[in-house]
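*Asks:* Sharing a structure below in structure tokens format, with a few things to ask.
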Amino acid sequence: MKRSPKFDNRVGYIIYPAAFKDSNDDGIGDIQGIISKLDYLAYIGFDLLWICPLFRSPMDDNGYDVSDYYQIDPRFGSNEDLKTLIEEAHKRGIVILLDFVLNHTSDEHPWFQKALSDPSSKERDYYFFRKGRREGDKLLPPNNWKGFFSTSTWEKVPGDNDDYYFHIFSKKMPDVNWENPALREEYYAIARHYLDMGVDGFRLDALAHLAKDTSFASSSLPPDPEGLVYDTDRFSNRPALYSYLREFNDEVFSHYDCLLVGEVGGNLTPDKALLLSDFDTGPIHMVFNFATAWVNGAFGSLDKKDEDIRTDVIALKKEFLKWYQACSARSDMPLYWDNHDHPRALSQYGSILYREKSAKALCNTLLFMYGTPFIYYGDEIGMSNVTYEKPEDFFSDVGNHNETDVLRARGYSDEHITHYLNRTSRVNSRTPMQWDKGQNAGFSSAAPINKVNGNYLEGVNVADQIDDPFSTLRFFKYAISKRHDPFINELVQHGKFEILDMPHPDVFAYTHDGAKKLVVITNMRPYTVYFSFYNNFSDILVHNYGDVIFTNHVFELRPFETYLLLV
Ligand code: NOJ
Ligand code: CA
């Protein structure tokens, strides 16, 4: 679907509420905390917020397990606080996307409680209940599928029965049945409720999975050591998904001026993305996929050595180009390096040895590609991965907890697991925002859920950077002001995008060819490299070093040096 002009030329910011700002010192970030930082966000130039889930939840998966869609979780504040947030954001020209979880509820949601207690209730069919398989005396789950959080996709219903329910995430997150029209109506009503309240749109969680292979036949792919099969095609991007969303669009979205960003995960191909986001035929506006988030080999790197983790710059360029070529003429696209499900971008593609230079380089490289950029909170001050000491430090993530259980059972040492989690865990990106040098980095005076990253004492905090014109923070502000410039925006959105020197193994360079040429050149390495450039540039719009080294048509690029040029 084509978005309305209201949403053009915006730069997004992703907030993980529990870790952003705590207003009442209970150790949990909250809506009043976000409100207190709106001026900060507006000052940097962010004008589109995606806020991870705020609804009532037992927090098994930190709010992605919703037990009441109509109530803000008391940890985050009240329904009134949400209204205030919307009003205050709008006053500052900022629009708000709520994170809307459609694939599952919490097992504590009244629908599921009813479904459990009364098998003849209408709610029973809001979920997937199936009989287990009997092998002799043994009761086994209905099939061999493995979910995203390292367990079977089936959990036994308590009591004297053979029933199981289906969940692709944790066992406290039963999947809902989108085949059921009454269930779909429930979600339409929730969406209308928030759009009527003034919310500007949604980030639609786990959207790819709404339709499943409801034959629930076991997969014939090779099983893992526990006998489970990770066959995500059984519950990802299946044909019925598109008809569900078409109906959602007809019933709800098309009646509002809203922005819809779907989260569609790893297996997505551009043609399937377009089925969702095509200007003319798609039910939503854009889809996040994970294609550009892990191009350093860290994903699944349990048995890899540190030296094997290295950004494949050519593969990264190819991935961005592939998506641009397939989608840009027919769809908007979100741009992002990281979010709350990934390690910090700076640790993936940058370097903590060149924290400031690499944070700036990543910002500049992302910001000027075609699409709507989303910056993850804290990236604007150079936040990076944690160095925790034991697997338990990561257990606020149920996925990491389950995975640790499996790996321990397979014989991995805690030291090995910790090393792996420090590199890959989602908890890396869920540590408190670093506001100043005070207690817990100014996030809260109470202990936060995830321990604060010690680097807040080394300049990685807002207070130290905000008045320093050379800081990472001020660079983001400056680059974002360029991105908002209508002339630049026109080049970015409509100039022809090309990668420059695709075979260069170290440099990420591209151009947009329009009324003028806009060029980004970034050294993605922590060492000096060279880049040939045969154009005369009229302006250096953005640069992260003090002087320019350009002789005989060759740029000498120091570690993570980045340019935005006008040619
Ligand atoms: C995607 C969310 O981004 C992630 O944090 C969550 O664990 C799953 N969906 C389940 O809702
Ligand atoms: Ca709080």
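The values are calculated or read from the model by the stated rules, or taken from the named source; none is laboratory data. Just so we're clear, the structure is a prediction, and the values are computed from it rather than from any experiment. Here the Cβ is made from the backbone with ideal geometry for all residues, glycine too, and neighbour counts use every protein chain on show.
*Asks:* Could you check, for region 461-474, whether at least one of its residues is of a type in the set (Asp, Glu), touching a Lys or Arg at 6+ places or on another chain (Cβ under 7 Å) and assigned to a loop (DSSP other than H, G, I, E, B)?
*Replies:* Looking for residues that are of a type in the set (Asp, Glu), touching a Lys or Arg at 6+ places or on another chain (Cβ under 7 Å) and assigned to a loop (DSSP other than H, G, I, E, B), one finds at least one in region 461-474, hence yes.
*Asks:* So, in region 10-48, how many residues would count as being farther than 19 Å from Val199 by Cα, in contact (Cβ under 8 Å) with a residue 60 or more places away in the chain and assigned to a loop (DSSP other than H, G, I, E, B)?
*Replies:* Going through region 10-48 one residue at a time, the tally reaches 9.
*Asks:* Moving on to the next point. Return the residues of region 233-269 that are without any contact (Cβ under 8 Å) to a residue 60 or more places away in the chain, under 19 Å from the mean Cα position of the chain (by Cα) and surrounded by 19 or more Cβ atoms within 10 Å (Cβ to Cβ); say none if nothing qualifies.
*Replies:* Ser236, Asn237, Gly262, Val264, Gly265
*Asks:* Name the residues in region 536-564 that are touching a His at 6+ places or on another chain (Cβ under 9 Å) and either in a loop (DSSP other than H, G, I, E, B) or aliphatic (A, V, I, L, M) (or both), would you?
*Replies:* Glu561, Leu564
*Asks:* Suppose we filter region 392-418 for residues that are among the hydroxyl-bearing types (Ser, Thr, Tyr) and in a helix (DSSP H, G or I); how many remain?
*Replies:* So the answer is 2.
*Asks:* Residue under question is Phe149, and the condition is that it be at pLDDT 95 or above, under 24 Å from the mean Cα position of the chain (by Cα) and under 20 Å from Asp61 (Cβ atoms); does it hold?
*Replies:* Judged against the criteria, Phe149 is a match.
*Asks:* Here's a follow-up. In region 521-535, which residue that is in a loop (DSSP other than H, G, I, E, B) and not polar (S, T, N, Q) is farthest from Ile309 (Cα to Cα)?
*Replies:* Tyr534
*Asks:* Next question. If you go through region 320-336, how many residues are out of contact with any Phe, Trp or Tyr (no Cβ under 7 Å at 6 or more places or on another chain) and in a loop (DSSP other than H, G, I, E, B)?
*Replies:* Number of matching residues: 2.
*Asks:* Within the group Leu335, Leu367, which residue is within 24 Å of Asp47 (Cα to Cα) and without any contact (Cβ under 8 Å) to a residue 40 or more places away in the chain?
*Replies:* Within the list Leu335, Leu367, the selection yields Leu335.
*Asks:* If the requirement is being more than 30 Å from His543 (Cα to Cα), at pLDDT 95 or above, crowded, with 24+ Cβ neighbours inside 10 Å and of a type in the set (S, T, N, Q), which of these qualifies: Ser413, Ser444?
*Replies:* Answer to the check: Ser444.
*Asks:* Another question about this same structure. For region 516-538, give me the residue count where each residue is under 32 Å from the mean Cα position of the chain (by Cα), surrounded by fewer than 16 Cβ atoms within 10 Å (Cβ to Cβ) and without any contact (Cβ under 8 Å) to a residue 40 or more places away in the chain.
*Replies:* Qualifying residue count for the region: 2.
*Asks:* Scan region 403-423 and give yes if some residue there is closer than 27 Å to Tyr354 by Cβ, touching a Lys or Arg at 6+ places or on another chain (Cβ under 8 Å) and not aromatic (Phe, Trp, Tyr), otherwise no.
*Replies:* yes
*Asks:* Filter region 52-73 down to the residues that are in contact with a helix residue (DSSP H, G or I) (Cβ under 6 Å, 6 or more places away or on another chain) and β-branched (Val, Ile, Thr) and list them by number.
*Replies:* Matches in region 52-73: Ile72 only.
*Asks:* Collect the residues in region 182-214 that are of a type in the set (Phe, Trp, Tyr) and either part of a strand (DSSP E or B) or under 18 Å from Gly63 (Cβ atoms) (or both), keeping them in residue-number order.
*Replies:* Tyr187, Tyr194, Phe202
*Asks:* Considering only region 1-27, how many residues are crowded, with 21+ Cβ neighbours inside 10 Å and farther than 30 Å from Cys327 by Cα?
*Replies:* The number of residues fulfilling the criteria is 6.
*Asks:* Let me spell it out: the conditions are (1) assigned to a helix (DSSP H, G or I); (2) more than 16 Å from the chain's Cα centre (by Cα); (3) buried (at least 24 other Cβ atoms within 10 Å of the Cβ), and Gln434 meets all of them except one. Which number is the exception?
*Replies:* Status for Gln434: all satisfied but (1).
*Asks:* Return the residues of region 250-267 that are outside any strand (DSSP E or B) and small (Gly, Ala, Ser); say none if nothing qualifies.
*Replies:* Ser254, Gly265, Gly266
*Asks:* Also, quick follow-up: Can you name every residue in region 29-76 that is surrounded by fewer than 23 Cβ atoms within 10 Å (Cβ to Cβ), among the charged types (D, E, K, R) and more than 16 Å from ligand 2 (Cβ to nearest atom)?
*Replies:* Asp39, Asp47, Asp60, Asp61, Asp68
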